[in-house]
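Enquirer: I'd like to ask some things about the structure below.
The values are calculated or read from the model by the stated rules, or taken from the named source; none is laboratory data. Small disclaimer: the values here were computed from a predicted structure and weren't measured. Please note: Cβ atoms are built from the backbone with ideal geometry, for glycine as well, and neighbour counts cover all protein chains shown. Each accessible area value is taken on the protein alone, full model and side chains, heavy atoms only, with ligands, DNA and RNA left out. Shrake-Rupley method; radii C 1.70, N 1.55, O 1.52, S 1.80 Å.
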Amino acid sequence: RQHLFEYVLQLADTSLILAHRLSEWCGHGPILEQDLAMANISLDLLGEARSYYQYAAELEGRGRTEDDLAYLRSAVEYRNPLLVEQPNGDFAQTIVRQFLYDCFHYHLLLQLQASPDRHLAGIAEKSVKEAAYHIKWSAEWIIRLGDGTDESRRRVEAAIASLWRYSGELTTPTPTEQALQAAGFLPDYAAIQQQADTQVARVFEEATLTVPQGVFMQKGGKTGRHSEHLGYLLTELQYMQRAYPGMKW
Amino acid sequence: RQHLFEYVLQLADTSLILAHRLSEWCGHGPILEQDLAMANISLDLLGEARSYYQYAAELEGRGRTEDDLAYLRSAVEYRNPLLVEQPNGDFAQTIVRQFLYDCFHYHLLLQLQASPDRHLAGIAEKSVKEAAYHIKWSAEWIIRLGDGTDESRRRVEAAIASLWRYSGELTTPTPTEQALQAAGFLPDYAAIQQQADTQVARVFEEATLTVPQGVFMQKGGKTGRHSEHLGYLLTELQYMQRAYPGMKW
Amino acid sequence: METLELTQEEQFQARIDEDIRIEPKDWMPEAYRKTLIRQISQHAHSELVGMLPEGNWITRAPSLKRKSILLAKVQDEAGHGLYLYSAAETLGASRDQMLADLHSGKAKYSSIFNYPTLSWADMGTIGWLVDGAAILNQVPLCRTSYGPYARAMVRVCKEESFHQRQGFEIMQTLCEGAPEQKAMAQEALNRWWWPTLMMFGPKDADSPNTEQSMKWRIKRFTNDELRQKFVDMMVPQAEFLGLTVPDDKLQWNEAKQGYDFGDVDWAEFWDVVKGNGPCSRERLQARTDAWEQGAWVREAALAHAAKRKQRAEAA
Amino acid sequence: METLELTQEEQFQARIDEDIRIEPKDWMPEAYRKTLIRQISQHAHSELVGMLPEGNWITRAPSLKRKSILLAKVQDEAGHGLYLYSAAETLGASRDQMLADLHSGKAKYSSIFNYPTLSWADMGTIGWLVDGAAILNQVPLCRTSYGPYARAMVRVCKEESFHQRQGFEIMQTLCEGAPEQKAMAQEALNRWWWPTLMMFGPKDADSPNTEQSMKWRIKRFTNDELRQKFVDMMVPQAEFLGLTVPDDKLQWNEAKQGYDFGDVDWAEFWDVVKGNGPCSRERLQARTDAWEQGAWVREAALAHAAKRKQRAEAA
């Protein structure tokens, strides 16, 4: 149960941080339609995060609310992988971050639908439909940018070069995840990694992009060892709750 | 006394916010020696801010400390003029912001040394020596950038075009300042403005730059109507005090 | 016989007078078309620029629920922008040209968005007051003479009144909350009240286009009529919230069954219209930055579409 | 007779053996010069890059006093960088070339700065542990054989020990504070302990240059000696603070009058050395960004100086 709580919190943090990053684009997107699309994905992830936080609060059973969990934990207590906290950068960076995450997220949710934990399976069932849309969107953009102009290709390649090293953490289980896998609550990550890799390879091929090889993989976010970016994100995200403790909004 | 408190707080906020902006450069300056110079000026202003906050806390007499005043007031309670909260931008923006402020600050401090309020006069006496160094530094850079390369000239001109409109607020008295002027605690701003204008004109001439004419002047910061930049600055500045209320550091 | 035939223009006006909608393929006077393009694109630009002041608080919203509602709201504004650009396109304007006019400063947008959002309470105030004023301006446009515009406005107004309720609810939560929260709400009202009154435009006496626009039924009330309506509607709501409207001259006038109220600072109004609002420069900069930094993305999308088309044709 | 004359190299070594300082104008073996340039510039780069992890908390320091102290500290590091670049310049290296080597990844800097600072307690831990380790490495260098380097190190060490005390004081304040503060201190110690032990370099067996460097007196203790010294010094301080050193194998060894301790994760050590530290990329990027974005400023300063000179000559 402690493991499950920690894992659900990790899912919640992950969805929230990525939603937050996407929401930073709001009003500044390159095309009005894409502004809408990013807000949509952000809203989906925010909704998913809330479901997880609510469930985590319930599992913990200490009376904390979704907002307590999101707003009153410090950077080293956050459990999202490094990938999702990386800054937006240009649109190519945002797209690559999203696509790498979507490939993992979608296949994870597919599996989680069969989790013996019915609550978790229920959230996955709802979210997987949204994730299918997300991956469609980000894959299309990978293809457009890779097989677009010289500049878009250069930018998407630079984004891959800078973000690929965070993709390995997604399918590298932490002790918590290993315990849940052993107990049958979580699927084996090797299969998910393979599915994600296949999808990446297929989309990159259509985008005429090369899949990087032999990159040193960074990890740490899922055990609280984040990049310095997360702290700044949290100063904004948490400011109001920190400045006005205990108030209702 | 209430007016004096408010005014000293305004001085404190102004020094703190400008110090904070300069400190953002730390480790990222264009030349190591200038990294040091900006840190120096930031430290001077931080010291000045602390003196003012301590004095303001004393004037208020409600047991608040310098840190309470700096860390536990919201953006609309801050009283710094708009100029000093403007983002660093490139080095030219930082230099122009600094120079415009220094021209006012130095001449204000010269006058404040003669304030009938001995405490305020004392702070001014100490700070004016530092301000003399600041203005020397920023004026030299205005000249180097104006009379440097085509690019530096273009950048410094762009900075003047974007920041000049905030210079008028410095010498536009608020009701609080008017009350203090009437009571003889504060010098007349017309004289200070003239001195500052003369200095700007002299330095711009040497820099082969043109003094803008007829620019619409923005104001509001000194009465709490800030730009949207200040809020973000405060989320960082205040995060720790907000997140851990009442603790000692 | 000939004298009995109506000119095109008279026929057009007759349709309008009978409240028959003008559709894109119908004949219309050039001045009508131009006025509409200006008005609709201005409205579209306002939705676009209007995303910025509220967007400014998305990353700092005080709860997950509020964050979600606010993001959805700003997203709706982007959607309104899309409907309206499409409506203007039916009149022969191109979106790129309309945006170019926005970026060059030629086209205007609502001045209210040139004021900064400085506290969370501004999210409540904008929803409650600014959207409230927008609705008063816009509801009559659901019956405006030009079909595509009227239909776009029906969708816009439906969502706007939802937003307005959400804004009021934010204010209510603040006013029922801690003293700091109520003070935050009052401070926001103090800043937004007068700029909101300016949203209805200059006084009727200074609004020369009103008459023609009313004749064409692209405007159905005068600026001063709407301003009065707004004050009469909002004052009781402020009272309900326990907030004080920052106007010494505000007073119930039994005879006119409405409020008397102070005069807007018209100097400030014209300064902001001329581009000297507190955030005028930042707003336009944010939009042009987004546009310029997005240029390579739009080019890539076009280039890729062209490649696909070429391949499809070759196959 | 001739056989009794010492070669230049023998004379040089004899001076070193007598602890006579080598000065810039003295003859020195090329390998000595090169080793020193590498070592001093690496040290200078470490000061420069070392500004970044602490600089990361200047804008979020928890009190005005702490903000001031931290900014002054990071400023001191910039100053140390200046002394050290100057010392390296006396050996014929140019600052621009040294920086180019840093930016290209050719020159190294201390790996410890490739770890992120994630909480305020990291400011205490870096001062206490990292500066503590640096002092152990550097104090012997105050007596190093090369004069300008030794003199620079005297100034550096004086300031470093001041910083170290400030760091310890931050930790002490946290450990005497609220439970959250103490937890923050412990969490930071957990993250920094092992990377700090890595600061002394590979094990002696894996450090082939040590012997030559010790002969030249540009190094006076081996890596393992210093590491042992550090552990022996820090463990009691951690105990004093009430913090737990994150090492199961840590144990007092009465026989050697020192602590036995666990082995560093050398795989991690070499990964970080190879440029795969958690922040390696960000640190280098921050430096190259500052350098590239500052190019126009440096060019302007040069151009202006040239103009002035020309005018002075013309007058």
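Enquirer: Taking springs between alpha-carbon atoms closer than 10 angstrom, which of D:A267, D:A133, D:A303 fluctuates most in the Gaussian network model of chain D?
Expert: So, out of D:A267, D:A133, D:A303, the one fluctuating most is D:A303.
Enquirer: Please list, in chain and number order, the residues 5+ apart from C:Y146 or on another chain whose amide H is under 5 Å from its amide H, with Hs placed from the backbone.
Expert: HN-HN under 5 Å from C:Y146: C:I22.
Enquirer: Between C:V154 and C:S94, with labels modelled 7 Å along Cα→Cβ, what's the label distance in nm to one decimal, could you check?
Expert: 3.1
Enquirer: With the solvent-accessible surface defined on protein heavy atoms using a 1.4 Å probe, which residues belonging to segment C:93-137 display a reduction of at least 30 Å² in accessible area in the multichain context relative to the isolated chain?
Expert: Going by heavy-atom accessible area, the residues of segment C:93-137 that drop by at least 30 Å² are C:R95, C:L118.
Enquirer: List the lysines whose Cα sits under 21 Å from the Cα of D:K108, skipping any in the same chain fewer than 8 residues away.
Expert: Filter leaves D:K34, D:K203, D:K219, D:K274.
Enquirer: I would also like to ask the following. Between D:K182, D:K249, D:K108, find the one with the highest GNM mean-square fluctuation for chain D; connect C-alpha pairs within less than 10 Å.
Expert: D:K249
Enquirer: Give the long-range amide H neighbours of D:Y259: residues separated by 5 or more places, or on another chain, with amide H under 5 Å away, using H modelled in the peptide plane at 1.01 Å from N.
Expert: D:D232, D:N253
Enquirer: Charges at C-beta only: +1 for Lys and Arg, -1 for Asp and Glu. How large is the resulting dipole of the protein assembly as shown about its Cα centre, in Debye rounded to 20? Let's see the in-between values first.
Expert: Values: 124 positive and 154 negative charges, 43 e Å.
That gives the protein assembly as shown a dipole magnitude of about 200 debye.
Enquirer: Oh, and also: I'd like the residues of segment C:40-62 whose 1.4 Å-probe accessible area shrinks by no less than 40 Å² going from the isolated chain to the full set of protein chains.
Expert: C:M51, C:N56, C:T59, C:R60, C:P62
Enquirer: On to the next question. How large is log10 of I(q)/I(0) for the protein assembly as shown at q = 0.05, 0.07, 0.09, 0.10 Å⁻¹ when the intensity is taken from the Debye formula with one equal scatterer per alpha-carbon?
Expert: Debye output, listed in q order: -0.39, -0.76, -1.24, -1.50.
Enquirer: Ignoring ligands, DNA and RNA, what percent of the 1.4 Å accessible area of segment C:143-184 is carbon and sulfur?
Expert: Details: 1050 of 1870 Å².
The computed percentage sits at 56.
Enquirer: Of the heavy-atom accessible surface of segment D:1-124 (probe 1.4 angstrom), what whole percent is carbon and sulfur? Please report the intermediate quantities before stating the final value.
Expert: On the way: 2610 of 5000 Å².
Its accessible area is 52 percent carbon and sulfur atoms.
Enquirer: Sticking with this one: What is the interface area between chains B and C, defined as buried accessible area summed over both chains with a 1.4 Å probe, reported in Å² to the nearest 100? Don't skip to the end; give the middle numbers.
Expert: Details: alone 11940 and 16750 Å², together 27310 Å².
For B against C, buried area totals roughly 1400 Å².
Enquirer: Kindly write out, for segment D:259-272 in residue order, the coupling ³J(HN,Hα) from the Karplus curve 6.51 cos²θ - 1.76 cosθ + 1.60 (θ = phi - 60°), rounded to whole Hz, with x marking Gly and Pro.
Expert: My calculation for segment D:259-272 gives 8, 7, 8, x, 8, 4, 6, 5, 4, 4, 3, 5, 4, 5 Hz in order.
Enquirer: Return a whole-number percent for the relative contact order of segment C:8-314, with Cα pairs under 8 Å and 6 or more residues apart as the contact set. The partial results should precede the final answer.
Expert: Numbers: 335 pairs, mean separation 57.5, N = 307.
Taking the mean separation of contacting Cα pairs over the length of segment C:8-314, I get 19 percent.
Enquirer: As I understand it, the dipole of chain D uses +1 on the Cβ of Lys and Arg and -1 on the Cβ of Asp and Glu, about the Cα centre. Which of D:V273, D:L64, D:L243 lies farthest toward its positive end?
Expert: D:L64
Enquirer: Identify, among C:I135, C:T173, C:G294, the residue whose Cα sits farthest towards the positive end of the charge dipole of the protein assembly as shown, taking +1 on the Cβ of Lys and Arg and -1 on the Cβ of Asp and Glu, with the dipole about the Cα centre.
Expert: Selected residue: C:G294.
Enquirer: Right, another one. Where nothing but the Cβ of Lys and Arg (+1) and of Asp and Glu (-1) is charged, how large is the charge dipole of segment D:8-314 around its Cα centre, in debye to the nearest 20? Mind showing how you got there, number by number?
Expert: On the way: 39 positive and 43 negative charges, 275 e Å.
In debye, rounded to 20, segment D:8-314 gives about 1320.
Enquirer: Return one number: the angle in degrees, 0 to 90 and rounded to the nearest 10, between the long axis of the Cα atoms of helix B:118-146 and the longest principal axis of the Cα atoms of chain B.
Expert: Orientation of helix B:118-146: about 20 degrees from the principal axis.
Enquirer: For A:Q194, place a label point 7 Å from Cα along the Cα-to-Cβ direction in every copy; what are the distances to the other copies, in nm, shortest first?
Expert: So the distances to the same position in the other copies read 8.6 nm.
Enquirer: Relative contact order for segment B:16-110 using alpha-carbon pairs under 8 Å, separation at least 6, rounded to a whole percent?
Expert: Reported relative contact order: 28 percent.
Enquirer: Residues of segment A:198-234 that become at least 40 Å² less accessible with every protein chain present than in their own chain isolated, using 1.4 Å: which are they?
Expert: By number: A:F216, A:Q218, A:R225, A:E228, A:Y232.
Enquirer: Heavy atoms only, probe 1.4 Å: what % of the accessible area of chain B goes to carbon and sulfur, would you let me know?
Expert: Summing carbon and sulfur atoms, their accessible area is 51 percent of the total for chain B.
Enquirer: Could you work out how far the C-alpha centroid of segment A:154-213 sits from that of segment C:56-87, in angstrom?
Expert: 32
Enquirer: Pairing the Cα long axis of helix B:189-206 with the longest principal axis of chain B, what angle in degrees results, from 0 to 90 and rounded to the nearest 10?
Expert: 30
Enquirer: Moving on to the next point. Identify which of C:H80, C:H304, C:H45 has the largest mean-square fluctuation in a Gaussian network model of chain C, with springs joining Cα atoms closer than 10 Å.
Expert: With Cα springs under 10 Å in chain C, the top fluctuation among C:H80, C:H304, C:H45 is at C:H304.
Enquirer: Taking the Cα centre of segment D:1-104 as origin, sum charge times position over the Cβ atoms of Lys and Arg (+1) and Asp and Glu (-1), and report the length of that vector in debye to the nearest 20. Show your work: numbers first, answer last.
Expert: Details: 12 positive and 17 negative charges, 228 e Å.
Dipole magnitude for segment D:1-104 comes out near 1100 debye.
Enquirer: Could you tell me which of A:L170, D:T35, A:A207 has its Cα farthest along the dipole of the protein assembly as shown towards the positive end, charges placed at Cβ (Lys, Arg +1; Asp, Glu -1), taken about the Cα centre?
Expert: Of the listed residues, the answer is A:A207.
Enquirer: Based on DSSP H runs of at least 4 residues, each adding -39500 (n - 2.57), what is the mean residue ellipticity at 222 nm of chain D after dividing by all its residues, to the nearest 500 deg cm²/dmol? Please report the intermediate quantities before stating the final value.
Expert: Numbers: 13 runs with 199 residues, N = 315.
Taking each H run of at least 4 residues, the total per residue is -21000 deg cm²/dmol.
Enquirer: On average, how much accessible surface per residue is there in the protein assembly as shown, in Å², for a 1.4 Å probe, leaving out ligands, DNA and RNA? Don't jump to the answer; show the numbers that get you there.
Expert: Working: 45680 Å² over 1128 residues.
Per residue, the protein assembly as shown has an accessible area of 40 Å².
Enquirer: For chain B, what relative contact order do you get, as a whole percent, if you take Cα pairs closer than 8 Å and at least 6 residues apart?
Expert: Details: 317 pairs, mean separation 63.2, N = 249.
Computed over chain B, the figure is 25 percent.
Enquirer: To the nearest 100 Å², how much accessible surface do chains B and A cover up together, summed over both, with a 1.4 Å probe? Present the calculation step by step, with values, prior to reporting the outcome.
Expert: Details: alone 11940 and 11960 Å², together 22980 Å².
Approximately 900 Å² gets buried when B meets A.
Enquirer: Hey, another quick one. Do the sum for chain B: with -39,500 (n - 2.57) for every DSSP H run of n ≥ 4, divided by all residues, what is the mean residue ellipticity at 222 nm, to the nearest 500 deg cm²/dmol?
Expert: Working: 10 runs with 167 residues, N = 249.
Calculated from helices alone, the mean residue ellipticity at 222 nm is -22500 deg cm²/dmol.
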